[in-house]
Amino acid sequence: MKHKTTTALKAIIAMCVVSTSAMAINAYSTSKDLEQAANTIEQLEQEIVDAQRIAANSNDIPTVTLAFTGSNAKKYGMDKLTEEQRNSLVDIYNRTAGTGYQLTLTAIAWRESMGASIPINLNDPSCGPFHNKVANVLKREDIDNTSFNRNKICAKLISDTDFAIKHAIMEIDHWDKKHKGNWRKMMASYNGGNRGNSKYGSEVAEIVNIVRQSNIHLVTMNMPIPHEQS
């Protein structure tokens, strides 16, 4: 029997090649080689986009379900996700591509809110998938810290994922400068402030590895393609 390579499968293969090529690009020694490698990756990325557009209007899309495996996945309750949790984590992974914190923010979203399924911590208070502290967000947005504004910002952090991402990145960047790029200390301070929380930093590190080893990059193939800016 001859096996037919589907459009979506071709896109998945291209994505894997892009990932491998991007990691290997530093191995090139000349500017000409670098330019050729960059052009190759750009062409493959375009093939992925083209394949997605074609597959979006066909029955050619293979079903890929987000799955986290291994003992650590079970340790953090990531082995049995609800559909809402899967969708939230994949959405965050997609939205944070290119930020430099894609894996980190996806991991934080699980550690803080279990994939946006617990969007409020009344103790801080903090809200949204990353449990941004409401007082910090109000200060950054130059908004008076009143009861009404706290409720308003909390609602926005829950309903507007991009807004929540923006402030999560601002929080991480703040600790990045303070700790001079020490990722573990940055994560410890994301949760524990100046005192830090080393246990939290270790937990986020373990969740990052769970996400990295998962099939989340393949699940994104099934996500809708964002509308282009006109």
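Read-outs throughout are calculated quantities, based only on the coordinates presented, and are distinct from any laboratory measurement. Since we're looking at a predicted model, the values are computed, not measured.
The table for this structure:
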{"item": "Rounded D (µm²/s) - the stretch 104-225, Kirkwood Rh over Cα pairs, Stokes-Einstein at 25 °C, 0.890 mPa s", "result": "163"}
{"item": "Backbone HN-Hα couplings from phi across the stretch 91-101 [Karplus 6.51/-1.76/1.60, Hz, Gly and Pro as x]", "result": "4, 5, 4, 5, 5, 9, 4, x, 7, x, 10"}
{"item": "Contour excess over end-to-end distance, with Cα ends at Arg140 and Thr69 and 0.36 nm allotted per residue", "result": "21.7 nm"}
{"item": "Full-extension gain in nm, Met170 to Glu206, via 0.36 nm per residue minus C-alpha separation", "result": "10.7 nm"}
